[in-house]
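To start, the structure under review is shown below, and the notes come after it.
The values are calculated or read from the model by the stated rules, or taken from the named source; none is laboratory data. Not measured: the values here are computed from a predicted model. Ideal geometry is used to build each Cβ from the backbone, glycine not excepted, and the neighbour counts take in all protein chains shown.
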Amino acid sequence: MIDFCAGTLMATAALVPLTATAADTGAYPPSDAKYLDYPAYTGGEQELTLTPDGAARFRLWAPSAEKVTLRIYDLDRGGAPSQEIAMTRAEQGTWTASIAPAPMGKYYTFSIYADGKWLDETPGIWAKAVGTNGRRAAIIDLAATDPAGWDEDHGPELSSINDAVLYEMHHRDFSMHPTSGIVNKGKFLALTEQGTTSAEGDSTGIAHLKQLGVTHVHILPSYDYNSIDETQLPSNGYNWGYDPQNYNAPEGSYSTNPANPAARITEMKQMIKALHDAGIGVVMDVVYNHTAENDGSNFSLTAPGYFYRHRPDGTYSDASGCGNETASERSMMGDFIVNSVKHWAKEYHIDGFRFDLMAIHDTATMSRVARELKEINPSIFVYGEGWTAGDSPLPPERRALKENVAKMEGIAVFSDDIRDAVKGHYSDAADRGFATGKPGLEETVKIGIVASTAHPQVDYAKGNNSKFPYASSPQQIINYVSCHDDLTLTDKLRRSMPAATDSERMRAARLAQTIVFTSQGTPFMFAGEEIFRDKKGVHNSYKSPDSINAIDWTLKRLNADQFRYYQELIALRKAHPAFRMTSADDIARHIRFDRTKEPNLISYSLLDHANGDEWEEIKVIFNGADTDAEVKLPRGNWTVIARDGELCHTGRRAEEEDAALFLRRAAHELLREVVAGDALRHLVAEVVRSPDRPRPIRHDKSGIIENLHELVVMRRAHDHLGIGRGDEHTAHLIHIRLHLGDGFIHRDGVDLDPEDIDLLRHVVTLP
């Protein structure tokens, strides 16, 4: 979480308010009791409705107002109002006014007289279109903002949230770096550009996402937020956007023209459609738990005090750590949250929602959010942070905490269990986890593997964060090791493994993510992890410059093996439903842990064609220690998927796996001896095809291949082949024998990329 905030919105959808109950009174101090007497508006109009006969009808819920003035402006900022209209008191705490014909293209605000004074102007809490810096709402036809083909647009269809692979990104991070090859850097339109590449020719932008294989991008807040001055583009500052101002209008700094209300809407829709056309869904990060400002927020300028929780002394309660917290249990605030996400789902075709500090909200509201979104799109899913940043007047049993997730059908929570156990505690940069050699975390990792559901072989008493199985289904758990908050995985590994090389740290990252992606629940990753992106060690980069946050796309070529590993890992999960079970009973029935006594060793099986998997049994072994460990396998024909930092999701027979390792070491470890020419051809053929070689290749801890001569039965001197020791001759022969094509070297299912070729140029043929 960041340390500052803001709030606003607008809608026309029918509202179905929550009803205040006796239980609600327990959450309120005496100073808030009066809000229970406020009438709830149950009609379908909110703030602006364009009628079929061409009029603009305004209805504002402001139950404590004594007078309300509607102001119409020709400009989005500056200038005097062209029209002022005294609104009329109406039913259920609302005020109304009409203008015919509707002043299309103009702007409006409300000014409320309450407690003996005029409050500052506000665009209201439901503004769906705004001008520069969001100070005035715009009167536009939303249908006119739809890009071509919008009526047929839709995101991926999922049978379960567990089928998703979530990729969290920030608009500026993803496209801003000079190496991105993207023209519309930092804008919605960045993700509409096709075929973008880095200077090295590697895919970036939307092509990169398709190449990686993720199913959904989780975009950091994209509604209109408070911290960026939209008059200073393109030299504006950086912010994550957790300071909401106008919740239902897109952020202007991500538009090419923030002064044009329609442009920011159209451009965001174009981005969403481009992602959908690529088969990628869009998850929106939403922040209904607090506003950027307190008394100056649009909530406070509409119905002072009502939308917030307070302490007994009348000051703002602050479970968000940002100065205030909203009161979701109050009827109009609960309606606001529900109908806001419904607006984004209907108008923008958003495929999912991530709730910031979700535990500030009550369980009833969150359950209603999930239920009503599913009525719009059965594939929509909702997840959030199952914790708060401070205490709240809302009783713990009513909070949307991870411990209460079983009470909320259709809601998932992040697993801090697997996060802290795998990489080390998030708040302690030096702390290690299972993947970096810290013992004693095996049981907590197992909690993550079974998605915090009940399992007869998992002892929750030994868990670090959770002491009971709080999830009723794996569909309620999001697994991750890093996100925008705190250190990136790269920075965490550099701080916790100071003596290691980056190569060793990348191996640890592979192990960490392999645990995440093979565990039950839904995997979540942070943008750039797949190329070992960092943030220069900055712990909380919410307003750090692009030099800290922007992804350097040269890393994709530099860390090509890391990217390939993530590709294969995602492909593995997609290919095998055993990793995507949907019920706790199935997990308990199909997962069997082996008895292992060694620290930092976990071994288990997915049995009996789990979840309809084509494979009868999948053996998963995690070794986070610095030493080798031995696990006995039952007799049978085993297909090796991953070993020694390498992964192929289609699998190889054991001898083929050894071949792949051999070729990798040839490129990256400068083998003691490389046989060129015909000998190389025979070597490759023999390694890949020969089922009856004397014994497998063995490797010592440093990764150097031993017993090479036991495998390669021929050894020719370089002079017998008529070549010298020069690099060019060696590289030339490698090209001939392995056949370069489509940017990769192919030989019997074993791939070497151009980076490997470059490294092979330095291999010298020995006598």
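None of Gln232, Gln245 is over 18 Å from the mean Cα position of the chain (by Cα) and closer than 30 Å to Ala412 by Cα except Gln245. Here Ile478, Ile515 are screened, and the one residue that is in a helix (DSSP H, G or I), modelled with pLDDT of 95 or more and closer than 24 Å to Gly352 by Cβ is Ile515.
Of all residues in segment 72-91, those satisfying the criterion of being surrounded by 13 or more Cβ atoms within 10 Å (Cβ to Cβ) and either hydrophobic (A, V, I, L, M, F, W, C) or in a loop (DSSP other than H, G, I, E, B) (or both) are Ile72, Asp74, Leu75, Asp76, Arg77, Pro81, Ser82, Ile85, Met87, Ala90. If only residues of segment 400-424 that are in contact with a Gly (Cβ under 9 Å, 6 or more places away or on another chain) and surrounded by fewer than 24 Cβ atoms within 10 Å (Cβ to Cβ) are counted, the one that is farthest from Thr488 (Cα to Cα) is Asn404. State whether the residues of segment 354-366 include one that is touching a strand residue (DSSP E or B) at 6+ places or on another chain (Cβ under 6 Å), surrounded by fewer than 24 Cβ atoms within 10 Å (Cβ to Cβ) and either closer than 17 Å to Val405 by Cβ or of a type in the set (Val, Ile, Thr) (or both). There is no residue in segment 354-366 that is touching a strand residue (DSSP E or B) at 6+ places or on another chain (Cβ under 6 Å), surrounded by fewer than 24 Cβ atoms within 10 Å (Cβ to Cβ) and either closer than 17 Å to Val405 by Cβ or of a type in the set (Val, Ile, Thr) (or both).
When we screen Asp486, Asp431 for residues that are more than 30 Å from Asp585 (Cβ to Cβ), within 18 Å of the chain's Cα centre (by Cα) and acidic (Asp, Glu), the only hit is Asp486. When the test is whether a residue is under 25 Å from Ser503 (Cβ atoms) and surrounded by fewer than 23 Cβ atoms within 10 Å (Cβ to Cβ), Asp459 does not pass it. Pairs are defined by a Cβ separation below 6 Å, a sequence spacing of at least 6 or placement on different chains, a first member in segment 99-111 that is more than 19 Å from Ala144 (Cα to Cα), and a second member that is part of a strand (DSSP E or B) and small (Gly, Ala, Ser); the pairs so defined are Ile99/Ala56; Tyr108/Ala137. All of (1) buried (at least 24 other Cβ atoms within 10 Å of the Cβ); (2) within 16 Å of Phe188 (Cβ to Cβ); (3) among the hydrophobic types (A, V, I, L, M, F, W, C) hold for Ala259 with one exception: (1). For segment 282-301, the criterion of being modelled with pLDDT under 95 and surrounded by fewer than 23 Cβ atoms within 10 Å (Cβ to Cβ) is satisfied by no residue at all. Residues in segment 20-35 that are assigned to a helix (DSSP H, G or I), surrounded by 14 or more Cβ atoms within 10 Å (Cβ to Cβ), out of contact with any His (no Cβ under 6 Å at 6 or more places or on another chain) and modelled with pLDDT of 50 or more: Tyr35 alone. Listed by position, the helices (runs of 4 or more DSSP H) enclosed by segment 554-659 that each have at least 1 residues that are more than 26 Å from Ile447 (Cβ to Cβ) are 555-558, 560-575. Assessment of segment 129-137 against the conditions (in a loop (DSSP other than H, G, I, E, B), within 30 Å of Asp546 (Cβ to Cβ) and at pLDDT below 95) yields no matching residue. Here Thr453 meets each of (1) buried (at least 24 other Cβ atoms within 10 Å of the Cβ); (2) out of contact with any Phe, Trp or Tyr (no Cβ under 8 Å at 6 or more places or on another chain); (3) part of a helix (DSSP H, G or I) with one exception, condition (3). Scanning segment 598-620 turns up one or more residues that are modelled with pLDDT under 95, over 30 Å from the mean Cα position of the chain (by Cα) and more than 27 Å from Arg564 (Cα to Cα).
On the stretch given as segment 379-398, residues that are over 20 Å from Gly521 (Cβ atoms) and within 23 Å of the chain's Cα centre (by Cα) total 2. Among the conditions (1) within 19 Å of Gly386 (Cα to Cα); (2) aromatic (Phe, Trp, Tyr); (3) touching a Lys or Arg at 6+ places or on another chain (Cβ under 6 Å), Phe517 misses just one, which is (1). For the criterion of being farther than 20 Å from Gln562 by Cβ, more than 20 Å from the chain's Cα centre (by Cα), at pLDDT 95 or above and of a type outside the set (Lys, Arg), Ala499 passes. Could you tell me whether segment 92-113 includes any residue that is at pLDDT below 95 and part of a loop (DSSP other than H, G, I, E, B)? No - not one qualifying residue is present in segment 92-113.
State whether the residues of segment 46-62 include one that is at pLDDT below 95 and in contact with a Leu (Cβ under 9 Å, 6 or more places away or on another chain). Yes, segment 46-62 contains a residue that is at pLDDT below 95 and in contact with a Leu (Cβ under 9 Å, 6 or more places away or on another chain). So, in segment 273-286, how many residues would count as being in a loop (DSSP other than H, G, I, E, B) and within 15 Å of the chain's Cα centre (by Cα)? Looking only at that region, the number is 1. Sub-7 Å Cβ pairs linking a first residue in segment 425-454 that is farther than 19 Å from Asn162 by Cα to a second residue that is of a type in the set (A, V, I, L, M) and not in a helix (DSSP H, G or I), at least 6 apart or interchain, are Ala429/Leu487; Gly433/Leu441; Phe434/Leu441; Thr436/Met497; Gly437/Ala625; Glu442/Ile602; Glu443/Val458, ordered by first then second residue.
Report yes if Ser466 is among the hydroxyl-bearing types (Ser, Thr, Tyr), within 24 Å of Asp586 (Cβ to Cβ) and surrounded by fewer than 21 Cβ atoms within 10 Å (Cβ to Cβ), otherwise no. So Ser466 passes the test.
For segment 322-345, the count of residues that are modelled with pLDDT of 95 or more, more than 18 Å from Ile125 (Cβ to Cβ) and among the charged types (D, E, K, R) is zero. For segment 589-635, residues that are of a type in the set (Gly, Ala, Ser), surrounded by 18 or more Cβ atoms within 10 Å (Cβ to Cβ) and in contact (Cβ under 8 Å) with a residue 40 or more places away in the chain total 1. A search for C-beta distances below 6 Å between a residue of segment 45-74 that is over 17 Å from Pro103 (Cβ atoms) and any residue that is of a type in the set (Ser, Thr, Tyr) and not in a loop (DSSP other than H, G, I, E, B), counting only pairs 6+ apart in sequence or on different chains, returns Trp61/Thr94; Glu66/Tyr113; Lys67/Tyr113. Can you spot a residue in segment 251-272 that is in contact with a helix residue (DSSP H, G or I) (Cβ under 9 Å, 6 or more places away or on another chain), free of Cβ contacts under 8 Å to residues at least 60 places away in the same chain, closer than 28 Å to Asp318 by Cα and not aromatic (Phe, Trp, Tyr)? Scanning segment 251-272, I find at least one residue that is in contact with a helix residue (DSSP H, G or I) (Cβ under 9 Å, 6 or more places away or on another chain), free of Cβ contacts under 8 Å to residues at least 60 places away in the same chain, closer than 28 Å to Asp318 by Cα and not aromatic (Phe, Trp, Tyr), so the answer is yes. For segment 34-54, enumerate the residues that are small (Gly, Ala, Ser) and more than 19 Å from Tyr107 (Cβ to Cβ). Scanning segment 34-54 gives Ala40, Gly43, Gly44. Against the numbered list (1) under 30 Å from Ile228 (Cβ atoms); (2) over 23 Å from the mean Cα position of the chain (by Cα), Lys492 comes up short only at (2).
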